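All remarks here apply to the structure that follows.
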Amino acid sequence: MSSDWIFGYGSLVWRPAFAFEERRPAFIRGFARRFWQASTDHRGTPEAPGRVVTLVEEHTAECWGAAYRLPVDGRSEILAQLDHREKGGYERHNTPLFFQEASEPSETLVYVATERNHNYLGPAPLEAIAEQVRRSHGPSGANPEYVLKLAAALREMGAQDEHVFALEALLLER
């Protein structure tokens, strides 16, 4: 791995569950966060998949999240743990990482689920996504919890994400 950083834009924002040397708010460019990935192993089951986020290419977008500097010792074990956690269709990608106060980007590793994986659901009306999220539950907990914790973590860092916040609003209506 060429990067010292892991970029989290979903559950890694609020629940990294691995050792790190430093955590900083950061963003990547050219990607938007979308609830277009099925979760059959964490927030749903194979019979009733939940929905979690992935990144989709969007030329003018900035996606805010949490960047974690990995320790040198134990890095391969952490990556093996993350590979297992993200096994439901996510692939490793390297991309430039930006910090608000830094002028030069760093390199980061990010996990992205593309339309090439068997759990990719793609776009759907937000109301349909909300309904699927409402009724989904898996080994890691209720799917609405994932959405609500992600929205809260993004607000805490001052990040804006219309897709996440609109889905949160639909879930809180009921």
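The values are calculated or read from the model by the stated rules, or taken from the named source; none is laboratory data. Just so you know, these numbers come straight off a predicted model, no measurement behind them. FYI the Cβ positions are ideal-geometry reconstructions off the backbone, even for glycines, and counts take in every protein chain you see.
Filtering the range 93-106 to residues that are touching a Leu at 6+ places or on another chain (Cβ under 8 Å) and modelled with pLDDT of 95 or more leaves 93, 94. When we screen 62, 47, 22, 58 for residues that are of a type in the set (Asp, Glu) and under 17 Å from residue 114 (Cα atoms), the only hit is 58. Pull out all pairs, ordered by first then second residue, where Cβ-Cβ is under 9 Å, the residues are six or more apart or on different chains, the first lies in the range 141-161 and is on the phi > 0 side of the Ramachandran plot, and the second is modelled with pLDDT of 95 or more and charged (D, E, K, R). Cβ pairs passing all conditions: 141/43.
As a summary of the residue check, residue 80 satisfies the conditions (1) surrounded by fewer than 21 Cβ atoms within 10 Å (Cβ to Cβ); (2) closer than 27 Å to residue 126 by Cα; (3) of a type in the set (Gly, Ala, Ser) except for the one numbered (2). Of everything in the range 35-94, what is of a type in the set (Gly, Ala, Ser) and outside any loop (DSSP other than H, G, I, E, B)? Give them in sequence order. Of everything in the range 35-94, those that are of a type in the set (Gly, Ala, Ser) and outside any loop (DSSP other than H, G, I, E, B) turn out to be 38, 39, 50, 61, 65, 66, 67, 76, 80. Of all residues in the range 97-135, those satisfying the criterion of being of a type outside the set (Asp, Glu) and loosely packed, with under 14 Cβ neighbours inside 10 Å are 100, 102, 103, 116, 118, 122, 123, 125, 128, 135.
Just the residues that are crowded, with 17+ Cβ neighbours inside 10 Å and part of a strand (DSSP E or B), please, taken from the range 1-24. Listed by number, the residues that qualify are 5, 6, 7, 8. Of everything in the range 48-73 that's among the hydrophobic types (A, V, I, L, M, F, W, C) and more than 17 Å from residue 167 (Cβ to Cβ), which residue is surrounded by the fewest Cβ atoms within 10 Å (Cβ to Cβ)? Applying the filter and picking the extreme gives 72.
Going through the range 10-67 one residue at a time, which ones are of a type in the set (S, T, N, Q) and without any contact (Cβ under 8 Å) to a residue 60 or more places away in the chain?
60
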